[in-house]
Amino acid sequence: MCKCGRQRIQPPKKMEREEVLSWALKIGGALAVVATMYTFMRRGKRVKRIAPKDTVVLYQIGRGPYAPSISPFPLKLETYLRMAKIPYENDQSGKFSSKGKTPWIEYNGQIVEDSQFCIEYLNDKLGIDLNAHLNAEQKAVARALQKMTEENLYWTLALQRWVWDQSLLPVLLPVSPFKRYLITRAVSGGVVRAAHGHGIGRHTKAEIMQIMEQDVRALSDFLGKKPFMMGEHPSEVDCAIFGMVGQMLWHMEGSPHQKLLKEELSNLVDFCVRMKEWYWPDWDKCITKPDKTKDD
């Protein structure tokens, strides 16, 4: 019996950038995915970072142009660390977790992945409760608001930024055009597939924008004239809402998301500016384009 198999197409060993791009197109983006994992995610061997005892090492992608991160989840987690007054150091080398996610933390040698798991781990480990002033009903509402924001509204941001309008990516991803092409090709495809699996990606763009508007208006209606989502005092949910709405305000210039905020929902804009003033006095030092303000 003969053993037969399909012949693999091997690219030449040495290729110029234009040739690499050509091969990426020929093999349907597989090379782009591999290259992105290597150059952007860098999920290979982790170099052990030596941090002071009882200090959180926060692994995240680099700083954003107008907000401290181009992703809502690192901004959420870093704001939580500041709100909870937990000592931390940033590692902005771009290393992703073993789950392929960012941000993640290391605390006294213990690795924790996913922003919410990080918060829950630190709450338990350090005896922190930013929701102590809330009753059971308020905590339930806060969780519902957070889940709507992170599990529903988030996908409208991801599709807008990575699929429908990529015009801001040169500002958000200050890398070479070649690397940006690889990153964008891989991420946009991943967003489309993930959104389809979630279910929201099966709708039309108009329907998804309707979902976005309903979610953002719900946040605005619930916030009302309160300084924070749950009342006079900040709580954990404010970190999540700030992380997401902050992206809409500062990193989605000209988008339907930002227009809705600036033209109709000024209380959410005020909320973001308030969170920034309370917990980010060094904001201009934590962004790459401090000469341009996006608060107005």
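The values are calculated or read from the model by the stated rules, or taken from the named source; none is laboratory data. Because the structure is predicted, anything quoted here is derived from the model rather than measured. Note that we place each Cβ from the backbone using ideal geometry, even for glycine, and neighbour counts take in every protein chain shown. Accessible surface areas use protein heavy atoms only, side chains included; no ligands, DNA or RNA. Shrake-Rupley method; radii C 1.70, N 1.55, O 1.52, S 1.80 Å.
Looking for something acidic (D, E), open to solvent by less than 30 Å² (accessible area, probe 1.4 Å), within 28 Å of C239 (Cβ to Cβ) and touching a residue at least 40 places away in the same chain (Cβ under 8 Å) - is there at least one such residue anywhere in the range 162-175? Explain how you work it out, then say what you get.
Of all residues in the range 162-175, those acidic (D, E) come to 165.
Subset that is open to solvent by less than 30 Å² (accessible area, probe 1.4 Å): none.
Within the range 162-175, not a single residue is acidic (D, E), open to solvent by less than 30 Å² (accessible area, probe 1.4 Å), within 28 Å of C239 (Cβ to Cβ) and touching a residue at least 40 places away in the same chain (Cβ under 8 Å).
Would you point out which residue out of Y88, Y59, Y80 is open to solvent by 20 Å² or more (accessible area, probe 1.4 Å) and either modelled with pLDDT of 80 or more or hydroxyl-bearing (S, T, Y) (or both)?
Numbers: Y59 fails: open to solvent by 20 Å² or more (accessible area, probe 1.4 Å); Y80 fails: open to solvent by 20 Å² or more (accessible area, probe 1.4 Å).
Result: Y88 is the single residue among Y88, Y59, Y80 that is open to solvent by 20 Å² or more (accessible area, probe 1.4 Å) and either modelled with pLDDT of 80 or more or hydroxyl-bearing (S, T, Y) (or both).
Mind checking which residues of the range 213-243 are surrounded by fewer than 23 Cβ atoms within 10 Å (Cβ to Cβ) and in a helix (DSSP H, G or I)?
E213, Q214, D215, R217, A218, L219, S220, D221, F222, L223 - these are the residues of the range 213-243 that are surrounded by fewer than 23 Cβ atoms within 10 Å (Cβ to Cβ) and in a helix (DSSP H, G or I).
Step by step: first the residues of the range 94-120, then only those that are open to solvent by 40 Å² or more (accessible area, probe 1.4 Å) and not in a strand (DSSP E or B), then the one that is nearest to C286 (Cα to Cα). Which residue is that?
Of the range 94-120, the ones open to solvent by 40 Å² or more (accessible area, probe 1.4 Å) are 98-99, 101, 108-111, 117, 120.
Next cut, not in a strand (DSSP E or B) only: 98-99, 101, 108-109, 117, 120.
Details: S98: 26, K99: 26, K101: 22, N108: 25, G109: 26, F117: 24, E120: 25 Å.
Among those residues, the one meeting the criterion is K101.
Would you pick out the residues in the range 121-150 that are under 22 Å from the mean Cα position of the chain (by Cα), surrounded by fewer than 16 Cβ atoms within 10 Å (Cβ to Cβ) and of a type in the set (D, E, K, R)?
Residues satisfying the conditions are R143, K147.
Could you please find all residues in the range 265-291 being part of a helix (DSSP H, G or I), without any contact (Cβ under 8 Å) to a residue 40 or more places away in the chain and open to solvent by 40 Å² or more (accessible area, probe 1.4 Å)?
If we filter the range 265-291 for residues that are part of a helix (DSSP H, G or I), which is where we start, we get 266-279, 283-286.
Those still in the list that are without any contact (Cβ under 8 Å) to a residue 40 or more places away in the chain too: 266, 269-270, 272-273, 276-277, 284-285.
Passing the criteria: S266, D270, E277, D284, K285.
Go through the range 45-93 and give me each residue that's part of a loop (DSSP other than H, G, I, E, B) and within 18 Å of W250 (Cα to Cα).
Initial filter on the range 45-93 (part of a loop (DSSP other than H, G, I, E, B)): 45-55, 60-71, 84-87, 92-93.
Hits for the range 45-93 are I61, G62, R63, G64, P65, Y66, A67, P68, S69, I70, S71.
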